[in-house]
Amino acid sequence: MAARVFASRFFTSSSRLLSKGKRSHLGRIAAYKYSTAAAVEEPIKPAVNVEHTKLFINGQFVDAASGKTFPTLDPRTGEAIAHVAEGDAEDINRAVAAARKAFDEGPWPKMTAYERSKILLRLADLIEKHNDQIAMLEAWDTGKPYEQAAKLEVPMVVRVLRYYAGWADKIHGMTVPADGPYHVQTLHEPIGVAGQIIPWNFPLLMLSWKIGPALACGNTIVLKTAEQTPLSAFYVANLLQEAGLPEGVLNIISGFGATAGAPLCSHMDVDKLAFTGSTDTGKTILTLAAKSNLKPVTLELGGKSPFIVCEDADIDTAVEQAHFALFFNQGQCCCAGSRTFVHEKVYDEFLEKAKARALKRTVGDPFKSGNEQGPQIDSKQFDKIMKYIRSGVESGATLETGGEQHGKKGYYIKPTVFSKVKDDMLIAQDEIFGPVQTILKFKDLNEVVQRANNSRYGLAAGVFTQNIDTANTLARALKVGTVWINCFDVFDAAIPFGGYKMSGQGREKAEYSLKNYLQVKAVVTALKNPAWL
């Protein structure tokens, strides 16, 4: 059975929450009426304790070899939630040694695929049992709405793990006919020790995308969390022993890119790398992999996804979906629909409705029910987004709404909409990774295809039209890894995800991701007097 649709459920529930709100005033920027109550109130204390802050190596929580710790911060305030162990090269060595021993000598790769499947299912059950606690940690550490984490993301983690549990005993090679008296078979073997690095925007969901296929194939893992968001991964680590995962199979390190990520990528005893994050960091990882043992690398990187609204589109639906495509998760999505191309015949109508929708967006404490948008992840990301907003104004785009901090505390940014955007502006070229919608005008399909493809990225695209021929034309012409037609951000464990061009290489999720963690071996045996060939 296919997994539940990830983002469309959030879209539906958000629409219901907002349908009761009053229409906001559409005045100039000085008159915009955003509710700042949640931003100036004292932050709501989540009902969860931070109990696990140490590195997880060989089945045990341990201090960093150096004894160092670093703070993980609450994006609502910039204050420390907890101090976690700061892993470095020595800790990576310890974790890789544990993973290598578990692969070479331990029971995991020698276990029957069915037994591995049952362990993955038990882990999924435990995560489901602890759904609310995990979601609280995720919301606290990232700033995303708790309802989003609890109702969408943690359940999707569970679904992904169950999906790959189902694959574990269905991985097999082939018998191949050859020209001659030979029996030829292929074996699909686990690749060995996988190094995995996850981002801060969807920490636990990306963990499931990484460990699910790797474990189903029989590999062992050293996973580095983003330094901004280690808490949910450590909580899940505490469930591994109860699930029955042998020691050393999954090791989790918190730390920084230069001192923990780079040693992992350069390690000569790591057989495979998988990374989700920025394109620039992806380039660095490729270089480190090549300079060490030429280990294969899977990359899911940045994007500047076009969202194309044709003249025959249902405008109200397109406005709501375009809003969701950009502002979901505070705009911190690699596949965000961050270039909204609208046909000139419906541009003015779309723009006015997009402004109105942005003004209705509820911003505030992610633990307050009904809030759609929390703070950005940290001060660095906040400053980067504000710099792009200033760039948009300076380059001649029209700032329709937002463009400034929401409230006086934390990294909240008002939902921002630009019109009269040109393709050569930085806000139309660079991945902003924030709540900034850019709306561009186009005349015909040939023009919008050329402009949409004129990007170094190629992760995803959205198409809104009621014409099946138009939809088919754009689906084939757009140079991206995913095209959503009359929908956006529909994620399912069985749908592959990945990019063209500088948006990455390889695919996450679905059957395709299994190939990232398998070696193919051909075995040829000579036959004497075969009865048939």
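The values are calculated or read from the model by the stated rules, or taken from the named source; none is laboratory data. These numbers were taken from a predicted model, which means no experiment stands behind them. Note: ideal-geometry Cβ built from the backbone for every residue, glycine included; neighbour counts use all protein chains shown. Accessible surface areas use protein heavy atoms only, side chains included; no ligands, DNA or RNA. Shrake-Rupley method; radii C 1.70, N 1.55, O 1.52, S 1.80 Å.
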Kindly indicate the residue of segment 193-216 that is of a type outside the set (A, V, I, L, M) and not in a helix (DSSP H, G or I) and also nearest to residue 289 (Cα to Cα) among those meeting that condition. 195
It is to be established whether one or more residues within segment 500-513 are assigned to a strand (DSSP E or B), of a type in the set (Ser, Thr, Tyr) and within 12 Å of residue 305 (Cα to Cα). yes
Select from segment 401-443 the residues that are in a loop (DSSP other than H, G, I, E, B) and within 18 Å of residue 334 (Cβ to Cβ) and list them in ascending order. 430, 431, 432, 433, 434, 435
Filter result for residue 156 (open to solvent by less than 20 Å² (accessible area, probe 1.4 Å), out of contact with any helix residue (DSSP H, G or I) (no Cβ under 8 Å at 6 or more places or on another chain) and assigned to a helix (DSSP H, G or I)): no
Restricting to segment 242-282, and then to whatever is open to solvent by less than 10 Å² (accessible area, probe 1.4 Å) and in contact with a Phe, Trp or Tyr (Cβ under 7 Å, 6 or more places away or on another chain), can you tell me which residue is nearest to residue 513 (Cα to Cα)? 272
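Table: residues versus (1) over 30 Å from residue 258 (Cβ atoms); (2) open to solvent by 40 Å² or more (accessible area, probe 1.4 Å).
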| residue | (1), (2) |
| --- | --- |
| 94 | no, yes |
| 98 | no, no |
| 112 | yes, yes |
| 115 | yes, yes |
| 129 | yes, yes |
| 136 | yes, no |
| 144 | no, no |
Taking the stated definitions as given, is residue 146 of a type outside the set (Asp, Glu) and more than 19 Å from the chain's Cα centre (by Cα)? no
Residue 297 passes all but one of the listed conditions (1) touching a Phe, Trp or Tyr at 6+ places or on another chain (Cβ under 8 Å); (2) over 21 Å from residue 457 (Cβ atoms); (3) among the hydrophobic types (A, V, I, L, M, F, W, C); the exception is number (2)
Starting from segment 210-236, keep only residues that are small (Gly, Ala, Ser), then list their pairs with residues that are in a strand (DSSP E or B) and open to solvent by less than 10 Å² (accessible area, probe 1.4 Å) whose Cβ atoms are within a distance under 6 Å, requiring at least 6 positions of separation or different chains. 214/194; 214/221; 233/252
Out of 367, 328, report the one residue that is open to solvent by 10 Å² or more (accessible area, probe 1.4 Å) and under 26 Å from the mean Cα position of the chain (by Cα). 367
Residue 521 vs (1) surrounded by fewer than 15 Cβ atoms within 10 Å (Cβ to Cβ); (2) over 25 Å from residue 192 (Cα atoms): all pass except (2)
Identify the single condition in (1) surrounded by fewer than 20 Cβ atoms within 10 Å (Cβ to Cβ); (2) modelled with pLDDT under 95 that residue 10 does not satisfy, given that it satisfies every other one. (1)
Go through segment 297-340 and give me each residue that's of a type in the set (D, E, K, R) and either on the phi > 0 side of the Ramachandran plot or part of a helix (DSSP H, G or I) (or both). 316, 320
With over 17 Å from residue 243 (Cβ atoms) and assigned by the TED database to the domain that holds residue 253 as the only criterion, which of 166, 212, 218, 195 stands out? 195
Can you tell me which residue in segment 380-409 is farthest from residue 426 (Cα to Cα), limited to those that are among the polar types (S, T, N, Q) and in contact with a Leu (Cβ under 9 Å, 6 or more places away or on another chain)? 401
Please work out if residue 489 is assigned to a helix (DSSP H, G or I), at pLDDT 95 or above and either over 24 Å from residue 217 (Cβ atoms) or of a type in the set (A, V, I, L, M, F, W, C) (or both). no
Taking residue 448 as meeting all but one of (1) under 23 Å from residue 348 (Cβ atoms); (2) touching a Leu at 6+ places or on another chain (Cβ under 7 Å), write down the number of the exception. (2)
The listed residue being polar (S, T, N, Q) and under 25 Å from the mean Cα position of the chain (by Cα), out of 401, 340: 340
I'm trying to understand the selection: among the residues of segment 329-356, which are within 29 Å of residue 276 (Cβ to Cβ) and of a type in the set (Lys, Arg)? 339
